[in-house]
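One structure is given here, and the rest of the page talks about it.
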Amino acid sequence: MKNLLFSEYTLGSMTLRNRIVMAPMTRSRAINNQPNSLMAEYYAQRADAGLLITEGTSPSPNGLGYSRIPGLYTAEQAAGWRLVTNAVHAKGGHIFVQLMHTGRVSHPLNQPSAAKVLAPSAIGLTGITWTDQEQLQPYPVPAAMTYADIQETIAEYVQSARLAVDAGFDGVELHGANGYLIEQFINPSANQRNDQYGGSAENRIRFAVEIAQQTAAAIGADRVGFRVSPYGAANDMHPYDTLEATYALLAEKLNAIGIVYIHVVDHSAMGAPAVSASVKDVIREKFTRTFILSGGYDAQKAEEDLQDKKGDIVAFGRAFISNPNLVEKFAKGLALTPPDKTTFYTPGVKGYTDYM
Ligand SMILES: Cc1cc2nc3c(=O)[nH]c(=O)nc-3n(C[C@H](O)[C@H](O)[C@H](O)COP(=O)(O)O)c2cc1C
């Protein structure tokens, strides 16, 4: 049987040298939300992957919900990202930027002063969040977005996607997962609007679909991917009756737009609720282009799921943090270094670029 994990894969107009994807991971090294040369070194160290997807990156000052996450809405930020894309391309890699607007998963102390904490409805998250200035703080209640706020935010995604191309990215991944702004619209536990952006499945996915349509129109559908996390519980997402029908409709609409991939998060290996086989099957049925698997994979399970045609390429997260040469280690069957969780989000080189 032909090995699939190490074989080439055609994604849109790109040829990936293997089917190993580095999953998007927030690492909080972007001081002042500005991408930098340390980040370029980190991504270049991992450029053997067929495709790298960057950490969540905000298309708007309003989407900067965490300390030290990068933005992509100014020319200066695009110039910082250029260091990253040049370093990755110099090693023959490919890289998409994940556009993540945090919405209500935020705190004013983490945002620039003129920014706002926005969400579909004025429903605050339970619990607390980190701020560099005043350590742990309760989440604020977000402002419910007006129609004008929604249109402005969609335009910010489009502008950010254009900047991504200017910065040399091969494409953008729209973060529709893990309870951030796009999923806040999709999930009725965070969206209690009674306009055309809330209520029915078609209305709740409208924000996602309009962003996908307009970014695809701006930069080309084969440069746009989309990440989803059905049944995910992160950031106060709760299951609901029409969940599977909602994702079926979303997959159908994204397929019609012609975007290049859907990336499905399954965090059940991290203690999150199970993701039903039926929801993955319906997404795969409705979305006919590339399907990225992710969550709890090792090389063997990835190869099995590729052989079983459960997906086309496979994303690895934590293993890439502590094994920059993961592709080589997989190929040679070498033992993996475990990651140090205490340095996942701390500034500086420790636990970032110093793994061998
Ligand atoms: C430190 C860390 C940061 C993460 N940040 C993001 C993120 O910015 N965007 C995202 O979609 N997922 C994020 N994730 C989830 C990963 O992309 C991935 O789905 C998860 O780690 C499960 O894959 P794994 O079992 O291979 O680690 C993060 C995970 C970790 C461990």
Open item on the list: So in the range 86-127, with the set limited to residues that are in a loop (DSSP other than H, G, I, E, B) and among the polar types (S, T, N, Q), which one is nearest to residue 204 (Cα to Cα)?
Closed with: 121
Open item on the list: Residue under question is residue 86, and the condition is that it be within 16 Å of the ligand (Cβ to nearest atom) and more than 17 Å from residue 149 (Cβ to Cβ); does it hold?
Closed with: no
Task: Every residue from the range 260-279 that is within 16 Å of the ligand (Cβ to nearest atom) and more than 23 Å from residue 236 (Cβ to Cβ) - done: 261, 262
Task: Output for the range 43-83, where each listed residue is closer than 21 Å to residue 353 by Cα and in contact with a Lys or Arg (Cβ under 7 Å, 6 or more places away or on another chain) - done: 44, 47, 50, 52, 55, 68
Open item on the list: Taking the condition of being in contact with a Pro (Cβ under 9 Å, 6 or more places away or on another chain) and over 25 Å from residue 336 (Cβ atoms), how many residues in the range 274-323 meet it?
Closed with: 4
Open item on the list: Take the residues in the range 304-322 that are within 24 Å of the chain's Cα centre (by Cα) and in a helix (DSSP H, G or I); name whichever of them is farthest from the ligand (Cβ to nearest atom).
Closed with: 306
Task: The one condition in (1) within 16 Å of the ligand (Cβ to nearest atom); (2) closer than 18 Å to residue 79 by Cα; (3) not acidic (Asp, Glu) that residue 168 fails to fulfil - done: (1)
TODO: For residue 275, work out the one condition from (1) over 30 Å from residue 215 (Cα atoms); (2) under 21 Å from the mean Cα position of the chain (by Cα); (3) of a type in the set (A, V, I, L, M); (4) at pLDDT below 95 it doesn't fulfil.
DONE: (1)
Open item on the list: Considering only residues that are surrounded by 16 or more Cβ atoms within 10 Å (Cβ to Cβ), in a helix (DSSP H, G or I) and touching a residue at least 12 places away in the same chain (Cβ under 8 Å), which ones fall in the range 323-332?
Closed with: 326, 327, 330, 331
TODO: Please work out if residue 288 is among the polar types (S, T, N, Q) and without any contact (Cβ under 8 Å) to a residue 40 or more places away in the chain.
DONE: yes
Open item on the list: Under 6 Å between Cβ atoms, which residue pairs at least 6 apart in sequence (or on different chains) link something in the range 298-321 that is of a type in the set (A, V, I, L, M) with a partner that is in a helix (DSSP H, G or I) and within 15 Å of the ligand (Cβ to nearest atom)?
Closed with: 299/330; 314/302; 319/326
Task: Flag for residue 41 being over 23 Å from residue 313 (Cα atoms) and of a type in the set (D, E, K, R) - done: yes
Open item on the list: Suppose we filter the range 244-293 for residues that are outside any helix (DSSP H, G or I) and of a type in the set (Val, Ile, Thr); how many remain?
Closed with: 9
Task: Residue that is within 12 Å of the ligand (Cβ to nearest atom), modelled with pLDDT of 95 or more and touching a Gly at 6+ places or on another chain (Cβ under 7 Å), where the choices are 326, 336, 293 - done: 293
Open item on the list: Looking at the range 20-39 only, could you name the residues that are in a helix (DSSP H, G or I) and surrounded by fewer than 21 Cβ atoms within 10 Å (Cβ to Cβ)?
Closed with: 31, 32, 37, 38
TODO: For residues that are away from the ligand (no atom under 16 Å from the Cβ), closer than 19 Å to residue 13 by Cβ and surrounded by 22 or more Cβ atoms within 10 Å (Cβ to Cβ), tally how many sit in the range 217-258.
DONE: 2
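Yes/no matrix, rows are residues, columns are (1) within 17 Å of the chain's Cα centre (by Cα); (2) under 24 Å from residue 179 (Cα atoms); (3) of a type in the set (A, V, I, L, M):
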{"site": "16", "(1), (2), (3)": "no, no, yes"}
{"site": "36", "(1), (2), (3)": "no, no, no"}
{"site": "42", "(1), (2), (3)": "no, no, no"}
{"site": "59", "(1), (2), (3)": "yes, yes, no"}
{"site": "66", "(1), (2), (3)": "yes, yes, no"}
{"site": "76", "(1), (2), (3)": "no, no, no"}
{"site": "82", "(1), (2), (3)": "no, no, no"}
{"site": "94", "(1), (2), (3)": "yes, no, no"}
{"site": "109", "(1), (2), (3)": "no, yes, yes"}
- [ ] Answer yes or no as to whether residue 298 is more than 29 Å from residue 356 (Cβ to Cβ) and either within 13 Å of the ligand (Cβ to nearest atom) or not aliphatic (A, V, I, L, M) (or both).
- [x] no
Task: Failed item in (1) over 22 Å from residue 48 (Cα atoms); (2) more than 21 Å from the chain's Cα centre (by Cα), with residue 325 passing the rest - done: (1)
Task: Positions within the range 172-206 being surrounded by fewer than 24 Cβ atoms within 10 Å (Cβ to Cβ) and part of a helix (DSSP H, G or I), in sequence order - done: 201, 202, 203, 206
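The values are calculated or read from the model by the stated rules, or taken from the named source; none is laboratory data. Given the structure is predicted, the values throughout are model-derived calculations rather than measurements. Reconstructed Cβ throughout: ideal geometry from the backbone, glycine too, with neighbour counts over all protein chains shown.
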